[in-house]
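The values are calculated or read from the model by the stated rules, or taken from the named source; none is laboratory data. Since we're looking at a predicted model, the values are computed, not measured. Glycine also receives a Cβ, built like all others from the backbone with ideal geometry; neighbour counts cover every protein chain displayed.
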Amino acid sequence: MKKIVFAMMALLLLVAAGCSNSSSGGSSSNGGSVAQEITYATTSDVVGLSPILTNDSVSTAVNSQIYETLFKRNSETMEIEPFLAESYENPDELTWIIQLKEGIKFQDGTDFNAEAVKYTFDKFRDPATAAPRASLLEPIESVNVQDEYTVEIKTKYAYGALLAALSHSNAAIVSPEADKNGDLMKEPVGTGPFKFVSWTSGESVVLEKNPDYWQGEAKLDKVTFKVVPEVTTAISMLQSGDVQFITGVPTEQMDRVEGLKNVEVTKKEGTPVYFFGFNMEKEPMNNLEFRQAVAYALNREAYVKQLNGLGIGGNSVIGPKVFGYDEASNDIGYEYNLEKAKELVEKNGFGDKEYTLLVANTASYMKMTEISQSQLQDAGFNIKIETIEWGAFLDTTRSGNFEMTFQGWTNSTGDGSELLYPNFHSNNVGSSNTVRYNNEAFDKLVEESRESVDQDVRAAKLKEANELLVQDAPAIVMNHGVVTLAYDKSVKGLDIDPTGTWSLYKVYRE
């Protein structure tokens, strides 16, 4: 009899277990909750986990869940709004008084306050730090603590893009205690909705929700950023449910992704720009006729058509979603003309030497490279491709150890001054100005676009600087970006803004 009772109890337990929902997607069938987890597939590993010391989109995707900024761009209106800041005033053109939100703590339990803001910005601006995006806060003369929650920022000159700069992910506020006593590149500490758990180099970064987050707990318990080098593998994992979302879907894979029954796709005209860049400190790349020959040889219109709606053409370096854009600027520059390209190559003997085109091992850059190599060789150039890993690519281009390459800029601020200044102003050679462009007339125009709070003046200066840049051609625009997001239908509340950034704070699964 006891054996029968025990057998019946065991059977009931098995039935109960079989009825429960063990998925990480949502709630169990008996009304109890299960862990909410999500996995994002990235084709490259992070470079590091400090917003001060990194300047790449892969690291930013992780850091944006951990750290936060004083201001934030509204993804609908593209207007700058206070975030960690409560309010601000601009009593004169060189002074910004910022009132901070109170009661916020870093993930290590220390206080977010004016001292933390001063510490972050002072370290960011210190030449000894060698922040790769130091140009972002270059206009700041001093950061002063007025009281526990009030910061005064003094600028060297009127800086119309300051709030946009303070909304940039690299201007996120870090915990001073964590930075002084540890290594934020390996163990990040911010005020954001998720906190760091682990980083296994080449494999994954794991985050968990911050239970003390100032806006209330996130719905997701765990977030994994999984390194999946091959985009086709990432898509297969999205289809099977092993990952729940990916971004930057390549053109050649879009039909496949849109055909997956369990997947939703979002596409938006964005702020990113992708360009063919020359090392302006090397011969013959510093020869205008060499750059013109390349520009004439590249059939960029045909390339954009191959993107099937995932790219926007144009000569203007400043794109349609960025402040300072003028459609007329697309008429400046160089259109595809194979005969002109051949003439310049033959006239100057440009075909007598082999040139190396350096490319990061990401799907979009590889596609640009393959198409461009063929077009350049049709014009008489002899082009060799060198492919390297993302982190090594960033180091190599920053140090100037290349001839030609492809670059991208996400335009996180959405401001033309903060596109032209970091990428092409001579002050930033050796850091963010990877093409090592040095032009006094251009520098002056960009400076004037920054040194005004009159937006009409800024727009006029940006137009002039942009058109000078297009004609001088240290960079040739391949396309302006369309940002993409593909996610499992179980994922709710996930969106991507025109800058290509996204937050997991309001995301959940059902």
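Screening region 338-352 for residues that are in contact (Cβ under 8 Å) with a residue 40 or more places away in the chain and surrounded by fewer than 16 Cβ atoms within 10 Å (Cβ to Cβ) and picking the one that is nearest to the chain's Cα centre (by Cα) gives Leu338. Within region 258-293, the set of residues being closer than 20 Å to Ile235 by Cα and in a helix (DSSP H, G or I) comprises Glu258 only. Considering Tyr437, Tyr421, Tyr487, the condition of being aromatic (Phe, Trp, Tyr), assigned to a helix (DSSP H, G or I) and not assigned by TED's automatic domain parsing to the domain that holds Val223 is satisfied by Tyr421 alone. Among the residues of region 116-140, those that are under 22 Å from the mean Cα position of the chain (by Cα) and either among the basic types (Lys, Arg) or assigned to a helix (DSSP H, G or I) (or both) comprise Thr120, Phe121, Lys123, Phe124, Arg125, Arg133, Ala134, Ser135, Leu136, Leu137.
Does any residue of region 398-416 turn out to be modelled with pLDDT under 95, surrounded by fewer than 17 Cβ atoms within 10 Å (Cβ to Cβ) and closer than 20 Å to Gly500 by Cβ? So far as region 398-416 goes, no, none of its residues is modelled with pLDDT under 95, surrounded by fewer than 17 Cβ atoms within 10 Å (Cβ to Cβ) and closer than 20 Å to Gly500 by Cβ. Residue selection: Lys186 fails the criterion of being at pLDDT 95 or above, in the same structural domain as Leu84 (by TED's automatic domain parsing) and in contact with an Asp or Glu (Cβ under 8 Å, 6 or more places away or on another chain).
Quick grid of which residues meet (1) closer than 30 Å to Gln253 by Cβ; (2) modelled with pLDDT under 95; (3) assigned by TED's automatic domain parsing to the domain that holds Leu420; (4) not charged (D, E, K, R):
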{"site": "Gly277", "(1), (2), (3), (4)": "yes, no, yes, yes"}
{"site": "Lys282", "(1), (2), (3), (4)": "no, no, yes, no"}
{"site": "Glu289", "(1), (2), (3), (4)": "no, no, yes, no"}
{"site": "Gln292", "(1), (2), (3), (4)": "no, no, yes, yes"}
{"site": "Ala295", "(1), (2), (3), (4)": "yes, no, yes, yes"}
{"site": "Ala302", "(1), (2), (3), (4)": "yes, yes, yes, yes"}
{"site": "Lys305", "(1), (2), (3), (4)": "yes, yes, yes, no"}
{"site": "Leu310", "(1), (2), (3), (4)": "yes, yes, yes, yes"}
{"site": "Pro320", "(1), (2), (3), (4)": "yes, yes, yes, yes"}
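Any idea which of Lys154, Lys123 is at pLDDT 95 or above, among the basic types (Lys, Arg) and surrounded by fewer than 16 Cβ atoms within 10 Å (Cβ to Cβ)? Reasoning before the result, please.
Working: Lys123 fails: surrounded by fewer than 16 Cβ atoms within 10 Å (Cβ to Cβ).
The conditions single out Lys154.
Which one of Ser175, Ser135, Ser75, Ser64 is closer than 22 Å to Pro193 by Cα, surrounded by 15 or more Cβ atoms within 10 Å (Cβ to Cβ), at pLDDT below 95 and assigned by TED's automatic domain parsing to the domain that holds Thr39? Just one listed residue meets the conditions, Ser75. For Arg450, the conditions (1) in the same structural domain as Gly309 (by TED's automatic domain parsing); (2) within 30 Å of Ile246 (Cβ to Cβ); (3) charged (D, E, K, R); (4) buried (at least 22 other Cβ atoms within 10 Å of the Cβ) are fulfilled apart from (2).
Matching residues to (1) in the same structural domain as Ala85 (by TED's automatic domain parsing); (2) at positive phi; (3) at pLDDT 95 or above; (4) in a loop (DSSP other than H, G, I, E, B):
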site	(1), (2), (3), (4)
Val205	yes, no, yes, no
Leu220	yes, no, yes, yes
Ile235	no, no, yes, no
Gln239	no, no, yes, no
Val243	no, no, yes, yes
Arg256	no, no, yes, no
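For region 293-309, the tally of residues that are in contact with a helix residue (DSSP H, G or I) (Cβ under 6 Å, 6 or more places away or on another chain) and over 14 Å from Gln373 (Cβ atoms) stands at 4. Screening the candidates Phe393, Phe402 for the property of being of a type in the set (Phe, Trp, Tyr) and under 29 Å from Glu343 (Cα atoms) yields one hit, Phe402. Take the residues in region 288-312 that are surrounded by fewer than 21 Cβ atoms within 10 Å (Cβ to Cβ) and among the charged types (D, E, K, R), then tell me which one is farthest from the chain's Cα centre (by Cα). Per the criteria, the residue is Glu289. Only a single item in (1) of a type in the set (Ser, Thr, Tyr); (2) modelled with pLDDT of 95 or more; (3) farther than 24 Å from Val58 by Cα is not met by Tyr505, and it is number (3).
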